[in-house]
2 protein chains.
Amino acid sequence: MKKYTEMTRDELVLLKKDLEKAYQEQKDQGLKLDISRGKPSSAQLDLAMPMLDILTSGSDLHAEDGTDIRNYGILAGIPEARKLMGDLMGADPSQTIVFGNSSLNVMYDTIARAVLFGIMGSRPWKDLPRVKFLCPVPGYDRHFAVTEQFGFELISIPTDDNGPDMDLVEEYACKDPEVKGIWCVPVYSNPGGAVYSKETVERLAGMKTAAEDFRIFWDNAYAIHHLDYDHQRQVPNILEECEKAGHPDMVYQFCSTSKITFAGAGIAAMSASRANIEDILSRMTIQTIGADKINQLRHVRFFKNLDGMKEHMKKHAAILKPKFDVVLQKLDTELGGRGIASWNHPMGGYFVSFNGMEGTAKRIVGLCREAGLVLTGAGAAYPYGKDPADSNIRIAPSLPPAEEVALAMDLFTICARLAAVEKLLDQE
Amino acid sequence: MKKYTEMTRDELVLLKKDLEKAYQEQKDQGLKLDISRGKPSSAQLDLAMPMLDILTSGSDLHAEDGTDIRNYGILAGIPEARKLMGDLMGADPSQTIVFGNSSLNVMYDTIARAVLFGIMGSRPWKDLPRVKFLCPVPGYDRHFAVTEQFGFELISIPTDDNGPDMDLVEEYACKDPEVKGIWCVPVYSNPGGAVYSKETVERLAGMKTAAEDFRIFWDNAYAIHHLDYDHQRQVPNILEECEKAGHPDMVYQFCSTSKITFAGAGIAAMSASRANIEDILSRMTIQTIGADKINQLRHVRFFKNLDGMKEHMKKHAAILKPKFDVVLQKLDTELGGRGIASWNHPMGGYFVSFNGMEGTAKRIVGLCREAGLVLTGAGAAYPYGKDPADSNIRIAPSLPPAEEVALAMDLFTICARLAAVEKLLDQE
């Protein structure tokens with residue numbers, strides 16, 4: 001197959017005509033498709049419906065420590081939920097707090113707490129002239145939005161399949177005391193699908209950061225979200241690595257069951273060193289009466305333990321994998337070997353990260369939109385929503401049925417090709 | 001009956017001996033009682049158990065607007081929950097946001113938002129040299145703790161049965177731009193049981209505050225928590241009053257079902273002017289994916305509407321009233337006419353507010369503790385935990401069974417009498 005970059009102008013002009021025709025045909029179909037957000041599908045949500053039968057009016061609603069979970073009390077979550085969610089994160093229950101349904105909210109509150117009160121006695125970040133935060137890109141738009149709302153200066157760190165560029169991370173974190181943290185999605189990163197390498201994790205844990213209250217925000221959102229349970233990817237335990245390196249307090253880990261049970265009604269959790277946990281609870285005791293313990297117990301009784309949760313995740317994989325296969329097959333077939341794009345082949349998570357020719361991402365998203373396909377906005381995976389190369393697009397195939405994903409990808413690949421040809425003609 | 005204050009020294013010495021003997025007998029019983037926190041009893045929590053049967057694996061989990069409530073989405077809560085909780089607060093659904101299980105957390109976040117970002121474009125409170133907050137006393141310790149954590153200067157405002165001293169409130173709020181808000185529990189206030197009078201509400205709503213971003217924090221925690229449904233107390237609708245007075249944005253109203261369904265697993269809500277709601281949602285969209293919508297639907301389907309909720313509250317009243325009757329009967333019998341104490345006769349809510357002789361509250365609480373009865377710490381109902389008169393004690397009879405409340409009050413009244421006699425002898 002001839003690469004577009006090697007075509008003559010005449011060949012490109014001809015190709016453009018063909019693609020415009022194909023695009024028009026797509027448009028005429030009046031499609032209404034959406035692969036913009038990492039939402040689970042109805043079929044996936046159905047998997048957790050039996051959880052609603054677990055607690056009834058006849059159930060014993062005491063936690064294993066005897067607490068009546070219907071009443072006030074137990075700020076850090078019920079013991080059995082701390083065990084379950086701790087196991088999910090490789091953390092001891094005593095190092096684990098279980099919250100309500102939104103891990104994003106937990107992360108937001110963790111940042112807000114540092115801004116308002118500092119961390120373990122450090123100066124509140126609000127009283128500093130400037131706070132900088134490291135943002136591996138492409139990354140999760142909602143992470144970046146949180147730190148943007150607080151007025152931090154966001155610093156993009158390029159990533160590859162092993163995680164963020166550690167030379168650059170160390171350069172910032174170990175030399176500049178205004179750099180206070182880094183966002184990480186270590187397993188099946190959003191959207192790149194990267195799984196941090198052993199070396200990446202060890203280097204992160206080993207950093208002698210310039211700021212004493214620097215924290216790694218380790219959002220382990222997809223820890224057991226493998227697409228193929230015969231080929232699971234894992235990362236070293238960040239809590240253990242930080243402890244080994246003599247920096248036990250440097251990391252906050254987060255997770256949730258949003259993509260395990262119900263996206264809107266799961267439970268979230270956080271783990272960290274005991275000193276961190278104590279620091280956090282001392283503030284939380286003023287903030288809240290604690291999270292919904294009935295939903296915590298519902299989750300524990302449904303899964304019983306981490307193995308039960310993993311078994312459940314295999315059912316998710318069976319629903320998700322065919323959708324990812326469609327995306328990758330269409331990309332490989334329609335765009336492979338043309339020299340105009342690259343994409344990852346994720347082993348888990350919720351996204352395929354697509355890189356078109358420089359300067360075409362916005363155009364591709366616009367073309368798709370016009371023909372009835374909603375994509376995540378170009379640039380969304382970058383701080384301030386600005387992809388300097390205007391190249392990256394996040395593809396989220398989980399929500400629609402596989403047939404719709406196929407239709408969406410037919411349109412998408414036409415648009416990607418058309419935008420590339422336009423760009424090449426423009427450049428001449 | 002002779003007042004203690006009219007007794008001779010010899011009479012007091014004799015009385016003291018009797019009371020010490022009675023106290024010692026109490027002590028010898030090895031009691032283990034607790035009337036310290038406003039927690040519902042098991043019997044009350046049992047009332048909501050059928051709610052757990054409402055949603056099962058066979059239920060349709062779509063909101064009335066068609067949203068799949070299991071998934072992400074709908075930041076402000078499902079429409080039917082906004083209607084139900086709005087009705088509870090006398091607010092339109094469009095003016096109402098429904099949250100998770102903790103209204104304290106909602107209030108905390110509301111303060112935090114003002115500190116971090118300001119209100120509707122005002123200067124963030126963190127950037128001001130000083131923020132002052134009005135605290136009607138006696139009041140709710142957890143309210144005061146929130147504003148204390150943020151470093152505000154807390155100003156005590158005396159209250160009577162009609163609510164806070166409005167001359168003083170106006171003096172502060174209308175003249176000092178550093179005064180940014182006031183905590184109010186307008187119905188069956190914690191712990192005084194006051195129900196704000198029409199005049200109080202109208203004067204609050206009519207204030208021309210010095211700070212443009214002054215807010216009334218209207219914690220309507222006990223709106224339908226009557227002890228006797230034949231004698232309900234109500235207050236004017238604060239949202240309407242503020243609008244009428246030309247200050248539609250001046251109030252944030254809060255409520256929850258913590259003392260309607262499950263203390264630890266209810267739903268909370270907030271209402272305010274549409275401009276306020278927009279302001280809040282514009283921040284919340286960065287903070288969270290929204291609250292647990294399944295629990296919202298569970299509540300709506302259980303109660304159907306506000307009438308259903310009120311019917312349910314009558315069952316609570318039937319459990320609570322006998323306990324309050326015991327408290328008041330014991331106080332009236334044992335302490336009435338002795339000139340050493342006063343207390344309110346609440347028509348609803350969770351507390352009886354007791355005022356002993358000046359300088360005896362700590363002593364009473366200490367005597368009770370020593371003999372096996374836990375009370376809320378003396379001074380807890382005042383900013384910084386300091387009751388300048390050392391007189392107020394909050395009695396919370398809801399949690400233990402009525403027989404235990406009776407035992408607790410036997411001990412309590414002996415301690416109150418003993419402390420008074422000690423004080424009188426001390427003064428001579």
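No lab work stands behind these numbers, since they all come straight from the coordinates. Quick caveat: nothing in here was measured; it's all calculated off a predicted structure. Using ideal geometry, Cβ is built from the backbone for each residue, glycine included, and neighbour counts are taken over all protein chains shown.
Look at the dipole of the stretch B:63-303 built from charges on Cβ: of B:I280, B:T200, B:P129, the Cα furthest out on the positive end belongs to B:I280. Modelled spin labels at B:T5 and A:M120, positioned 7 Å past Cα toward Cβ, are 5.6 nm from each other.
Remark: mean inter-chain Cβ contacts per residue of B:139-147 equal 1, using a 10 Å Cβ-Cβ cutoff to other protein chain atoms.
From the Cα gyration tensor of the protein assembly as shown, with a ≥ b ≥ c the square roots of its eigenvalues, which class applies: rounded if a/c is under 1.5, or else prolate if a/b is larger than b/c, or else oblate? Taking the square roots of the gyration eigenvalues as a ≥ b ≥ c, the protein assembly as shown is prolate.
The loop-placed trypsin sites (Lys or Arg not before Pro) in the stretch B:5-55, going by DSSP, that have at most 11 neighbouring Cβ atoms within 10 Å of their Cβ come out as B:K32.
Only lysines eight or more places from B:K126 in sequence, or on another chain, were considered; those with a Cα closer than 24 Å are A:K126, A:K132, A:K180, B:K175, B:K180, B:K208. For the stretch A:61-304, the relative contact order comes to 27 percent (Cα pairs under 8 Å, sequence separation of at least 6).
The C-alpha atoms of chain A define a longest principal axis, and helix A:79-89 lies at about 40 degrees to it.
Centroid-to-centroid, using Cα positions, the stretch B:171-194 and the stretch B:222-246 are 16 Å apart. Label-point distances for A:Y229 to the equivalent site in the other copies, using a point 7 angstrom along Cα→C-beta, read 5.1 nm when ranked shortest first. Need one number: % antiparallel among DSSP beta bridges in chain B, to the nearest 5. Within chain B, antiparallel bridges account for around 50 percent of the total. Among beta bridges from DSSP that stay inside the protein assembly as shown, the antiparallel ones total about 50%.
The count of lysine pairs in the stretch A:266-326 whose Cα atoms are under 17 Å apart, excluding pairs fewer than 8 places apart on the same chain, comes to 6.
Can you list the trypsin sites (Lys or Arg not before Pro) in the stretch B:118-168 that are in a DSSP coil and have 15 or fewer other beta carbons within 10 angstrom? Passing both the DSSP loop test and the Cβ count: B:R130.
First check a/c for the stretch B:41-196, with a ≥ b ≥ c the square roots of the eigenvalues of its C-alpha gyration tensor; if it is under 1.5, answer rounded, and if not, answer prolate when a/b is larger than b/c or oblate otherwise. The shape class here is prolate. The packing ranking of peptides B:200-210, B:387-397, highest mean first, is B:387-397, B:200-210, where packing means the average number of other beta carbon atoms within 10 angstrom of each residue.
Enumerate the aspartates and glutamates that A:K27 could reach by cross-link, defined here as Cα to Cα under 13 Å, with residues fewer than 8 away along the same chain left out. The qualifying aspartates and glutamates are A:E370, A:D410. If contacts are Cα pairs under 8 angstrom and at least 6 residues apart, what is the relative contact order of the stretch A:302-404 in percent? Computed over the stretch A:302-404, the figure is 26 percent.
Looking at the stretch A:284-344, the trypsin sites (Lys or Arg not before Pro) that sit in a DSSP loop and have at most 12 other Cβ atoms within 10 Å of their own Cβ are A:K304. Once the Cα atoms are used to define both axes, helix B:306-335 deviates from the longest principal axis of chain B by about 20 degrees. Counting from the shortest, the label point at A:A245, 7 Å from Cα toward Cβ, is 5.7 nm from the same position in each remaining copy. Helical content alone sets the calculated 222 nm signal of chain B at -13500 deg cm²/dmol, taking -39,500 (n - 2.57) per DSSP H segment of four or more residues and averaging over every residue.
Between A:N305 and B:L168, the C-beta separation translates, for a Förster distance of 56 Å, into a calculated FRET efficiency of about 0.45.
For A:E311, the label point sits 7 Å beyond Cα toward Cβ; its separations from the matching points on the remaining copies run 4.1 nm, from shortest to longest. Using C-alpha pairs below 8 Å separated by at least 6 residues, the relative contact order for chain A is 26 percent. Considering only beta bridges that DSSP places wholly inside the stretch A:61-304, some 35 percent are antiparallel. For a test of the definition: using alpha carbon positions, the gyration tensor, and the 1.5 limit on a/c, classify the stretch B:63-303 as rounded, prolate or oblate. Because a/c hits 1.5 or more and a/b fails to exceed b/c, the stretch B:63-303 counts as oblate.
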